[in-house]
Amino acid sequence: WYVQETGEGGFILAGYRTGSLGELADAWLIRIDEEGEILWSAIYGGEDDDWLFSVQEAQGGYILAGSTGSYGAGDYDYWLMKVDEEGRILWNRTYGGPGREIAWEVTRTRDGGYILIGGTTSYGAGEWDVWLLKTDGEGEPQWNETYGGGGRDRGWSLQQTRDGGYILVGYTTPTGERHWDMLLIKLAPKGMRPPMRWIIYTSLAALSAASITLFTLYRRRGTSIRAR
């Protein structure tokens, strides 16, 4: 599902696996060298579906994010896990309410913590809402925010901006509609008012994956978005 080049060469892959008969999913992490040879792999999860959707290098190992049905408070919950350089679990955390939460990406922040982006049915105003969750370096929650209307809104990807805020991309489905529109939100640094700088909806097909490149937001009036 997600691949990240490592600083020491090779790649780290995060995803999940199921059996040939469609059995429950297990989270799967694979470390490969530059030739694609497997160096090690690890399986995580319990008695329900567990998925990994994002991986980033972190001090002393890797930080992983996804969704778990085996642990936590609800149907599915945000899942954040820190593993060492061999894939051994150092700590793991779940976040969520009685509904469903899916974390699509984790990003390291400049203060040494992490921020998760995805969607929630437990909190917010609609059927699904974008959910941002900020933690410290040990996964302890610091703050969280939801964004959305009465339909389905989910966040896919985000980056921290030069001013300490965030720019995020996702999709929105208006109430009663079937089409998906791209959602782009710029957030001010936490604690500043107004907290939301701007929000844009565009009539584009939903993004299966997205990455944001912020070139000159504070030098010139402009941003560039690259979707892949």
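No lab work stands behind these numbers, since they all come straight from the coordinates. Small disclaimer: the values here were computed from a predicted structure and weren't measured. Virtual Cβ from ideal backbone geometry, glycine too; neighbours counted across all protein chains shown.
At what distance in nm do the modelled label points of Ala42 and Arg88 sit from each other, each positioned 7 Å from its Cα along Cα→Cβ?
Result: 0.9 nm between the two label points.
Taking 0.36 nm per residue of separation and subtracting the Cα-Cα distance, what length does fully extending Trp143 through Ala188 add?
Separation in residues times 0.36 nm, less the Cα-Cα distance, equals 14.8 nm.
Aspartates and glutamates within cross-link reach of Lys186: Cα-Cα under 14 Å, excluding same-chain residues under 8 positions apart?
Glu145, Asp163
How many nm separate the modelled label positions at Glu127 and Arg17, each set 7 Å beyond the Cα in the direction of the Cβ?
Simple spin-label model gives 3.5 nm for this pair.
Quick one: which residues, 5 or more positions from Gly118 or on another chain, have an amide H under 5 Å from its amide H? H modelled 1.01 Å from N in the peptide plane, none for Pro or chain starts.
Long-range HN contacts for Gly118: Trp104, Trp131, Gly155.
Please arrange Asp153, Asp50, Asp136 by how many other C-beta atoms lie within 10 Å of their C-beta, fewest to most.
Lowest count first: Asp136, Asp50, Asp153.
Tell me, what ³J(HN,Hα) does each residue in region 101-108 have, in order and in whole Hz, if you take phi through Karplus 6.51 cos²θ - 1.76 cosθ + 1.60 with θ = phi - 60° and put x for Gly and Pro?
With the stated coefficients, region 101-108 comes to 10, 10, 9, 8, 8, 10, 10, 6 Hz.
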